[in-house]
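Visitor: Got a structure for you, written out below as structure tokens; questions coming shortly.
The values are calculated or read from the model by the stated rules, or taken from the named source; none is laboratory data. The model shown is predicted, which means the values in this text are computed figures rather than measured ones. Cβ placement follows ideal geometry from the backbone for every residue including glycine, while neighbour counts extend to all protein chains displayed.
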Amino acid sequence: MSAKRGRKKKFKLNFDTGIFKSFFAIGLFIFGALALISFIAPDYSLNRQINAALRHFMGFAAVFIPFILILLSLFMIQALRPKFANVKVLTSLSGLTVSIAGLFHLFYSDTALEMAEEGYGGGFVGYEISQLLRNTVSVYGGFVILIGSILIFSLILFNTSLDSFLGKISALKTFVAEKLHVKLPSRSKALKDASVLPLEQSIQTQQSLAFAPKEDLSLLPATSLEGKKAKIEVIPTMSEPQNENVDSIAATLEGSSAVNFNPSSLPYNNKVWELPPVELLNEPLPDTVDRGDVKQREQIIINTLKSFGINAQMKGTSYGPTVTRYAIFAEQGTKITKIASLQYDLALALASPTGSVRIEAPMPGTHFIGIEVPNNTRTTVSFKEVFVSDVMKNSKSPLSVVLGKDVGGAPLIYSISKMPHLLVAGATGSGKSVFLHSLMFSLLYKCSPLECKFLLIDPKRVELVHYADIPHLLSPVVTDVDKAASVFKWAVGEMEKRYKLFESARARNIESYNEKAGFQALSYIVIIVDELGEIMVSDPAAVEKNIIRLGQLARATGIHLVLTTQRPSTNIVTGLIKANIPCRIAFNVTSNTDSRVVIDQPGAEKLMGKGDMLFVPPDAAKPTRIQGVMIWEDEISRLVNYLKNSGFGTSYEDSIFDKAPSNSGMGGSSSGDKDDLFDEASDLVQSTGRASATFLQRRLSIGYSRAARILDELEDAGIIGPARGSKPREILIGGTPILSADDIDDNTFPIAPSLDNENSKSNSFF
């Protein structure tokens, strides 16, 4: 019994399948590396043996084997797998290697076997393939098959079409000839001269879409974050236009004004667009944030919760520029609402600098509850440090904008195309205007005037007017609230024109349309409004209607809205506007009600101001707290001066204000200067016999100021008489006056002198 108890167990190695896979992948990598070294340094004994074995196996094509082995090893280790290590690359590279080996050995006849044994030609693999093809389809048939397979595997490997492949070869030939100063034939010389076009000529190419019968011209603006030249290049290819609708697209574009550029009016002077250099931006400020004693605060939070009967554990701390977030884990059975109700008690215990803390329960994607405590002093986040981050560099969208840093200090970037419309609200001094500057900076640093156009509406005349006369504008900065309605109306018309183009080209959105067209045919349009409340006063019904239509349909056409307001009330931000603008940003607001209007939940009233915001993207139910970036006035001046001095003039779209209402309403102007509702108001006045501002307000659903201007225009046109104090205006053309109790005075009805005018007014229907 004792002997059995003392028997030793056999030692076994129990390896998981994943471990064997890892061993095999490491072995492949080592052998592939040694194989590659054997070609680089063949003088060593082991390297000679490996090299000889590889050459006996596949001859001259054995040089591809090390790369195949290394890629295969990387493919097997998922954590280290690069994007280029996939099944498609491995398959195409292996097929390409085998085809080349067969081609190397195809024309050896009598000495084919001897060449394979010596490691020449295609080795034994090439020998077997060549013998098979020689015996089945002859030498010439085998040559055709192998050349075709090499071409097919090459296209798969480089993920390109035959047209693009031939075009790249042609461009490479042109480049090499240019560097070697070799004179090319006339056709190649013409293509070389067209490799870089001035911007004016490129726009002409966009509008005409004049495709050559043997060439596909593609406009590819190359962009860079480092201020390098964004050249607009025409890359020639040797193919017919791939899309069968190219001709229809060209015909539609020629008869449409959806491409809102007149090349003849652009003073581009044969220049190439250069993106602004980042050197124009101020350097980031040093981190001077004071978070207090973090460890002490962690203990205070745990003790405070424990005093209220909540057992919790501290699970981590995130250090942001504005707040420090403490992540806690409450024991099972604890109600989250109980913790959320203790925010004021926690603020008291922590001696919060602002007198409040924000509780995020739960933190998205975690089992923790976040307690955000304001820092004693905050650090300023500069635009440059976020813009030059890897997050922005890796962003592919041309409409990516800088938001700021989250509570963990990570830079946040978001594309306007994903928003696709944005509502920004906050009290005065909360950071709305600075956010608009950061949005403008992001787009101006990433997009050329061909890629993105702006429509700026600034009733306050102090913020967006800084960007006057830059080449990206579709119109001068709109400061007149009466003209703002015309901007939205024009945008709706432009949207409808673009949808007609998409229908003819069978494209779903602006990206697919530009891809079908072969180059950047349509530009993105971003409409930025600095104060929505001022615009809603002039013509609320028309403005709201057009904003709703743009919010519903404009995304696919590349037209995006950015609306800001410091009065987030329900009469400004109506329910229909909110329903069609899913992306929201709330800065510090004055009340819980305003926060609910903007982001449909409280929390914005607890923000610290100066860029502290809550960001709610369309695909998220809970907001993300962000500290916005700072833009200084000297940065704005440097950027604007750079754009103005770039040699690219402005090109405004005149049709935006063709039907804009007159500001003065005086002087017997032509019909084109009259209000859009002039004819309707004239018919209404003549048919009813009434002419007053309040009457036109009710019947036409417009503001008082606009109704008063229409009355002045009717008077200038001789339709109504001048104002007569409290008496109604006289209708001079058509109609029978219909008097209301408001218009009754003592002399109106002489047969009833005893009629009490005051009592009549109290019974007025109007």
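Visitor: Are there any pairs, at least 6 apart or on different chains, whose C-beta atoms fall under 7 Å, with the first in the range 144-173 and farther than 11 Å from S92 by Cβ and surrounded by 13 or more Cβ atoms within 10 Å (Cβ to Cβ) and the second β-branched (V, I, T) and at pLDDT below 80, and if so, which?
Guide: As it stands, the answer is D163/T237; S164/T237; L166/T237; G167/I235; G167/T237; A171/I235, since those pairs meet every condition given.
Visitor: Now, a different point. Could you tell me whether P420 is in the same structural domain as L443 (by TED's automatic domain parsing), touching a His at 6+ places or on another chain (Cβ under 6 Å) and surrounded by 16 or more Cβ atoms within 10 Å (Cβ to Cβ)? Reasoning before the result, please.
Guide: Working: in the same structural domain as L443 (by TED's automatic domain parsing): yes; touching a His at 6+ places or on another chain (Cβ under 6 Å): yes; surrounded by 16 or more Cβ atoms within 10 Å (Cβ to Cβ): yes.
Here the answer is yes, as P420 does meet what is asked.
Visitor: Hey, another quick one. Only one of (1) closer than 30 Å to Y326 by Cα; (2) part of a helix (DSSP H, G or I) is not met by L444, so which one is it?
Guide: L444 satisfies every listed condition except (1).
Visitor: Out of curiosity, is E715 within 14 Å of L732 (Cα to Cα) and not in a loop (DSSP other than H, G, I, E, B)? Full working, then the answer.
Guide: Working: within 14 Å of L732 (Cα to Cα): yes; not in a loop (DSSP other than H, G, I, E, B): yes.
Criteria met by E715.
Visitor: Taking the range 495-537, which residues are among the acidic types (D, E) and over 30 Å from S569 (Cα atoms)?
Guide: Step one: of the range 495-537, the residues among the acidic types (D, E) are 496, 503, 511, 515, 530-531, 534.
Correct list: E496, E503, E511, E515.
Residue-by-condition table, conditions (1) more than 30 Å from H472 (Cβ to Cβ); (2) assigned by TED's automatic domain parsing to the domain that holds Q627; (3) under 40 Å from the mean Cα position of the chain (by Cα):
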| residue | (1), (2), (3) |
| --- | --- |
| P277 | no, no, yes |
| P284 | no, no, yes |
| K306 | yes, no, no |
| G309 | yes, no, no |
| Q343 | yes, no, yes |
| L348 | yes, no, no |
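Visitor: With respect to T593, is the statement that it is in contact with a Phe, Trp or Tyr (Cβ under 8 Å, 6 or more places away or on another chain) and among the β-branched types (V, I, T) true? Reasoning before the result, please.
Guide: Working: in contact with a Phe, Trp or Tyr (Cβ under 8 Å, 6 or more places away or on another chain): no; among the β-branched types (V, I, T): yes.
Here the answer is no, as T593 does not meet what is asked.
Visitor: So which of S438, S417 is assigned to a helix (DSSP H, G or I) and under 27 Å from T322 (Cα atoms)? Don't jump to the end; show me each part of the working.
Guide: Details: S417 fails: under 27 Å from T322 (Cα atoms).
None of the other options fit; the residue is S438.
Visitor: So S595 ticks every box in (1) in contact with an Asp or Glu (Cβ under 8 Å, 6 or more places away or on another chain); (2) outside any loop (DSSP other than H, G, I, E, B); (3) in contact (Cβ under 8 Å) with a residue 60 or more places away in the chain but one. Which box is left unticked?
Guide: (3)
Visitor: Being surrounded by 18 or more Cβ atoms within 10 Å (Cβ to Cβ) and at pLDDT 85 or above narrows it down to one of R638, R584, so name that one. Before you say what the answer is, go through the steps one by one.
Guide: Numbers: R638 fails: surrounded by 18 or more Cβ atoms within 10 Å (Cβ to Cβ).
Going through R638, R584 in turn, just one is surrounded by 18 or more Cβ atoms within 10 Å (Cβ to Cβ) and at pLDDT 85 or above: R584.
Visitor: Pick out the one residue from T366, T377, T334, T354 that is within 30 Å of the chain's Cα centre (by Cα), polar (S, T, N, Q) and farther than 30 Å from G575 by Cβ. Outline the logic, then answer.
Guide: On the way: T377 fails: within 30 Å of the chain's Cα centre (by Cα); T334 fails: within 30 Å of the chain's Cα centre (by Cα); T354 fails: within 30 Å of the chain's Cα centre (by Cα).
Answer to the check: T366.
Visitor: For the range 499-529, which positions are modelled with pLDDT of 90 or more and in contact with a strand residue (DSSP E or B) (Cβ under 8 Å, 6 or more places away or on another chain)?
Guide: I510, S523, Y524, I525, V526, I527, I528, V529
Visitor: Consider the range 28-68. How many of its residues are surrounded by fewer than 19 Cβ atoms within 10 Å (Cβ to Cβ) and in contact (Cβ under 8 Å) with a residue 12 or more places away in the chain? Spell out how you get there, then give the answer.
Guide: We begin by selecting, within the range 28-68, every residue surrounded by fewer than 19 Cβ atoms within 10 Å (Cβ to Cβ); these are 30-31, 33-34, 36-37, 39-49, 52-53, 56-57, 60, 63-64, 67-68.
From the residues that got through so far, the ones that are in contact (Cβ under 8 Å) with a residue 12 or more places away in the chain too are 31, 33-34, 36, 39, 46-47, 52, 56-57, 60, 63-64, 67-68.
Number satisfying all stated conditions: 15.
Visitor: Search the range 394-408 for residues being closer than 21 Å to K432 by Cα and small (G, A, S), and hand back the single one that is surrounded by the most Cβ atoms within 10 Å (Cβ to Cβ). Walk me through it before giving the result.
Guide: Applying the first criterion (closer than 21 Å to K432 by Cα) to the range 394-408 yields 399-407.
Checking the rest, the ones that are also small (G, A, S) come to 400, 404.
On the way: S400: 21, G404: 26.
Among those residues, the one meeting the criterion is G404.
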